[in-house]
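The structure under discussion appears below in the form of structure tokens.
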Amino acid sequence: MSAGQASSAAVGSVRDPVRALQHALYRSAKADPGRRFHALRDKVYRRDVLWRAWVAVRRNDGAPGIDGTTLADVEEYGIDRLLDELAEDLRNGRWRPLPARRVLIPKPGTDECRPLSIPSVRDRVVQAALKVVLEPIFEADFLPCSFGFRLKRSAHDALQVLVDESWQGKRWVVETDIAECFSAIPHEKLMQVIEERISDQGVLKLLRVMLRGGVPEDGVVRREASGTPQGGPASPLLCNTYLHRLDRVWDAGEHGVLVRYCDDLVVMCQSREQAEAALARLTVLLGDLGLEPKAAKTRIVHLAEGGQGDFTPDVGHGVMRLGSA
């Protein structure tokens, strides 16, 4: 690095210390795949990290949680006041999440509903702060086959891989969703994956408390032993971190090229036999993770002129779909 580049990097760090922190965590994780990070808790309640988390929560908008507090209410209360209180609670180990508010969102074109668990604004800020600190570490491990909810990777990028592989002769395609993925991920197995990289007991405790926040049902709070409920800022990262276990054992040479957009999976194969073997392998690997393919969304398609041959990304919902030509 030249003197000018070093000077520019130093200026950039001064201007944006949160980004400098993230870059340092990413570089450390990338340089040592076996490293377990042990000094992270104080970074979660750093005032600039909490501010960055608030900005992300505010930008994402969103409905109030179970306490009815809106983003506008927080602004009236005082953002600095709220962040100071959160920092103090996190520093002293007093933070506990409220139960999330459960809502059902209709899935376009189906009779199904997607369950969302909406944390309070206060708890969304804590989740976003955890994401600020943890995402660079796990992002350093994620593989090119993973596209969903990652920086500078989109459904269009995933689609391009599918198109490129089809032109290379991989025209037998396995398509599936993971059944109820966000609510089915077992907490203990998820924490085992996280502990491969994180040894900071304070952060691990925060994650366990967050996962066990629960939702109200029939007048009581139901706390499950599984699930990273959709609706919280940290859920996509936790889902990708867990499904990285699938990505890293997948053998593209034997079973075809895997393209994963969070819980949507496509495998590009050379033959029907390979596609059938790929689906069987996916089923086994997901079973090892306590998950399973969704039968109604699972199929093997042969891409042929005049047949089922158009790839159509449903960008609005962050999923990939094969469409009929």
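The values are calculated or read from the model by the stated rules, or taken from the named source; none is laboratory data. These numbers come from a predicted model, not from an experiment. Cβ: placed from backbone, ideal geometry, glycine included. Neighbour counts: every protein chain shown. Heavy atoms of the whole protein, side chains included, go into the accessibility calculation; ligands, DNA and RNA do not. Shrake-Rupley method; radii C 1.70, N 1.55, O 1.52, S 1.80 Å.
Is there a residue in the stretch 190-206 that is in a helix (DSSP H, G or I), modelled with pLDDT under 95 and of a type outside the set (Val, Ile, Thr)?
No, the stretch 190-206 contains no residue that is in a helix (DSSP H, G or I), modelled with pLDDT under 95 and of a type outside the set (Val, Ile, Thr).
Of the residues Val163, Val133, only one is surrounded by 22 or more Cβ atoms within 10 Å (Cβ to Cβ) and either of a type in the set (Val, Ile, Thr) or not in a helix (DSSP H, G or I) (or both); which?
Val133
Can you find, within the stretch 166-203, the residue that is surrounded by the most Cβ atoms within 10 Å (Cβ to Cβ) among those that are among the polar types (S, T, N, Q) and closer than 30 Å to Cys113 by Cβ?
Thr176
For the stretch 72-121, give me each residue that is in contact (Cβ under 8 Å) with a residue 24 or more places away in the chain, open to solvent by 60 Å² or more (accessible area, probe 1.4 Å) and among the aliphatic types (A, V, I, L, M).
Once the filter is applied, which keeps residues that are in contact (Cβ under 8 Å) with a residue 24 or more places away in the chain, open to solvent by 60 Å² or more (accessible area, probe 1.4 Å) and among the aliphatic types (A, V, I, L, M), the stretch 72-121 yields only Leu98.
Output the qualifying pairs, or none if there are none: Cβ atoms under 6 angstrom, residues six or more apart or on different chains, first residue in the stretch 196-209 and of a type in the set (Asp, Glu), second residue surrounded by 14 or more Cβ atoms within 10 Å (Cβ to Cβ).
Pairs found: Asp200/Leu40; Asp200/Arg41.
Quick check, is Ala179 within 15 Å of the chain's Cα centre (by Cα), closer than 30 Å to Thr298 by Cα and touching a residue at least 40 places away in the same chain (Cβ under 8 Å)?
Criteria not met by Ala179.
Can you tell me which of Arg272, Arg248, Arg222, Arg212 is open to solvent by 30 Å² or more (accessible area, probe 1.4 Å), within 19 Å of Glu135 (Cβ to Cβ) and more than 14 Å from the chain's Cα centre (by Cα)?
Arg248
For the stretch 202-227, how many residues are β-branched (Val, Ile, Thr) and in contact with a strand residue (DSSP E or B) (Cβ under 8 Å, 6 or more places away or on another chain)?
2
Collect the residues in the stretch 275-325 that are at pLDDT below 50, surrounded by fewer than 15 Cβ atoms within 10 Å (Cβ to Cβ), among the hydrophobic types (A, V, I, L, M, F, W, C) and not in a helix (DSSP H, G or I), keeping them in residue-number order.
Result: Ala325, single match.
Residues that are surrounded by fewer than 18 Cβ atoms within 10 Å (Cβ to Cβ), in contact with a helix residue (DSSP H, G or I) (Cβ under 7 Å, 6 or more places away or on another chain), farther than 12 Å from Val121 by Cβ and touching a residue at least 24 places away in the same chain (Cβ under 8 Å): does the stretch 60-69 have at least one?
no
Suppose we keep only residues that are free of Cβ contacts under 8 Å to residues at least 24 places away in the same chain and either open to solvent by less than 80 Å² (accessible area, probe 1.4 Å) or in contact with a helix residue (DSSP H, G or I) (Cβ under 9 Å, 6 or more places away or on another chain) (or both) within the stretch 47-59. Which one would you say is farthest from Glu217 (Cα to Cα)?
My answer is Val55.
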